[in-house]
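The values are calculated or read from the model by the stated rules, or taken from the named source; none is laboratory data. Bear in mind the structure is a predicted one, so any value in this text is a computation, not a measurement. No Cβ is skipped: glycine too gets one built from the backbone with ideal geometry, and neighbour counts run over all protein chains shown.
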Amino acid sequence: MPSTILVAEDQADIRDLIVLNLQQAGYAVQAVADGTAALASQAERASDLLLLDLMMPGLDGLEVCKALRARGRATPILMLTAKSTELDRVLGLELGADDYLTKPFSMAELLARVKALLRRAELLRAAQAPGVSAAVVRNGELEVEPARREVRVAGQTLECTALEFELLLHFAQHPGRVFSRAQLLDAVWGYSHEGYEHTVTTHINRLRAKLEQDPMQPRFILTVRGAGYKMRDAPK
């Protein structure tokens, strides 16, 4: 069955163009014009992916994203925004959006983002399927279990979003290696596009806050090395 995508966009011309291109790409698409309808649609049947416009009447895209994450929904969310300030982009990512596109954008870029997000969701479902190897990636006190999508630090479970998990797993699998933002976009998000490094920075900052909750007893540190990041053990 084709993947289902909800498009929430109040501008009819943009909404229709997005829907047309997604349908031509083989997706099953539902379209709404405001955030209230978007949220209501997910109560009936969760879509495989959400495209949320940042500014909509009623509930805006940020409010819809926040409400879904508060309900424990891990559905991939791609935020569409006409605003170009870093604050707007970071706020969406902080509230749980997986990615964003700033208008105007090309349909080719939109489809590439959609494909990457759906591929990641499919890999997550495959990893959780019965019979999948339960191999654990260990790095000191850090344990990352891909099959169950679980992270533990010194035996304590660490709650992570899907992208935070993917980032941490990537670092754990390559201890001591430095990655640029572009390399992380390509390896974890599935694309590399100039100007979207803020996406990486925001997720890195969230991970650092979770891993370093106790500054007096840090266990793992995501450090900056020039224009890149790497994970190292905290000093004994």
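Of note, Arg69 satisfies the criterion of being part of a helix (DSSP H, G or I) and at pLDDT 85 or above. In the stretch 46-66, the count of residues that are surrounded by fewer than 23 Cβ atoms within 10 Å (Cβ to Cβ), within 25 Å of Pro2 (Cβ to Cβ) and more than 16 Å from the chain's Cα centre (by Cα) is one or more. Kindly establish whether Ile14 is farther than 21 Å from Leu185 by Cβ and touching a Leu at 6+ places or on another chain (Cβ under 9 Å). Yes: the conditions hold for Ile14. Among the residues of the stretch 82-89, are any of a type in the set (Ser, Thr, Tyr) and modelled with pLDDT under 90? The answer is yes; a qualifying residue exists. Within the stretch 7-17, the set of residues being closer than 16 Å to Leu111 by Cβ and among the hydrophobic types (A, V, I, L, M, F, W, C) comprises Val7, Ile14, Leu17. Selection of first residues in the stretch 145-174 that are under 19 Å from Lys230 (Cα atoms) and of second residues that are of a type in the set (Gly, Ala, Ser), restricted to Cβ pairs under 7 Å at least 6 apart or on distinct chains, gives the following pairs, ordered by first then second residue: His170/Ala187.
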